[in-house]
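Structure first, commentary second.
The values are calculated or read from the model by the stated rules, or taken from the named source; none is laboratory data. Bear in mind that the values here come from a model prediction, so they are computed numbers and not experimental data. In this analysis, Cβ positions are derived from the backbone assuming ideal geometry, glycine residues included, and neighbour counts consider all displayed protein chains. In case anyone asks, the SASA skips ligands and DNA or RNA and just uses the protein heavy atoms, side chains included. Shrake-Rupley method; radii C 1.70, N 1.55, O 1.52, S 1.80 Å.
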Amino acid sequence: LVDALSNLPFDYLHISLMHALSTPHRGADTERTRIELVNEVINGRGPLMAVGKVNSPDDALAVRERNIPLIAIGRELLISPRWAAYIQEDRLEKIEYALNLKERDKYDIPNGLWEVILAAEGWVPFTR
């Protein structure tokens with residue numbers, strides 16, 4: 001499928017995994033990550049975007065070190081909207097890694113999404 005998609009015109013191919021650095025369980029080289037194997041199939045025909053538990057700057061760097069040009073982050077931006085800026089500004093100590101439920105008002109999260117976050121414990125990290 002990836003090979004067929006890579007033959008079509010595209011801006012980027014987005015591969016969403018539970019963990020961007022996970023390895024295959026069977027049927028492939030288990031010494032390399034899934035995202036590396038997908039990138040090999042794409043073979044320079046377009047950029048690949050990886051997503052999945054890229055929670056820290058070190059996680060993002062580990063993905064980039066595997067020659068993946070684009071990284072999507074979602075939960076991290078809900079928790080710490082200036083995540084990327086803090087990295088660029090070398091202010092890593094400012095990055096938050098969990099929502100603080102006692103400081104609900106500081107987050108710009110709609111009520112409906114807030115309720116989903118609370119109901120799906122483990123999806124977005126939070127402290128009570």
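Per-structure values
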| item | result |
| --- | --- |
| Selection within the stretch 73-99 - open to solvent by 40 Å² or more (accessible area, probe 1.4 Å), in contact (Cβ under 8 Å) with a residue 24 or more places away in the chain and either part of a strand (DSSP E or B) or out of contact with any Pro (no Cβ under 9 Å at 6 or more places or on another chain) (or both) | Leu78, Pro81 |
| Some residue of the stretch 6-16 being within 12 Å of the chain's Cα centre (by Cα) and of a type in the set (Val, Ile, Thr) | yes |
| Every residue from the stretch 56-72 that is of a type outside the set (Ser, Thr, Tyr), surrounded by fewer than 19 Cβ atoms within 10 Å (Cβ to Cβ) and part of a loop (DSSP other than H, G, I, E, B) | Glu65, Arg66, Asn67, Pro69, Ala72 |
| Count of residues meeting criterion [over 21 Å from the mean Cα position of the chain (by Cα) and either assigned to a loop (DSSP other than H, G, I, E, B) or exposed (fewer than 10 other Cβ atoms within 10 Å of the Cβ) (or both)] in the stretch 111-128 | 4 |
| Restricting the stretch 1-53 to residues that are open to solvent by less than 60 Å² (accessible area, probe 1.4 Å) and in a strand (DSSP E or B), the residue that is modelled with the lowest pLDDT | Ile15 |
| Residue identified as in contact with an Asp or Glu (Cβ under 7 Å, 6 or more places away or on another chain), farther than 19 Å from Leu21 by Cβ and not small (Gly, Ala, Ser) among Ile79, Ile109, Ile117 | Ile79 |
| Members of the stretch 27-69 found to be charged (D, E, K, R) and touching a residue at least 12 places away in the same chain (Cβ under 8 Å), listed by number | Arg34, Glu36, Arg45, Lys53, Asp59, Arg66 |
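Yes/no matrix, rows are residues, columns are (1) more than 16 Å from the chain's Cα centre (by Cα); (2) at positive phi; (3) of a type in the set (Val, Ile, Thr):
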residue: Arg45; (1), (2), (3): yes, no, no
residue: Arg64; (1), (2), (3): no, no, no
residue: Ile79; (1), (2), (3): no, no, yes
residue: Ile95; (1), (2), (3): no, no, yes
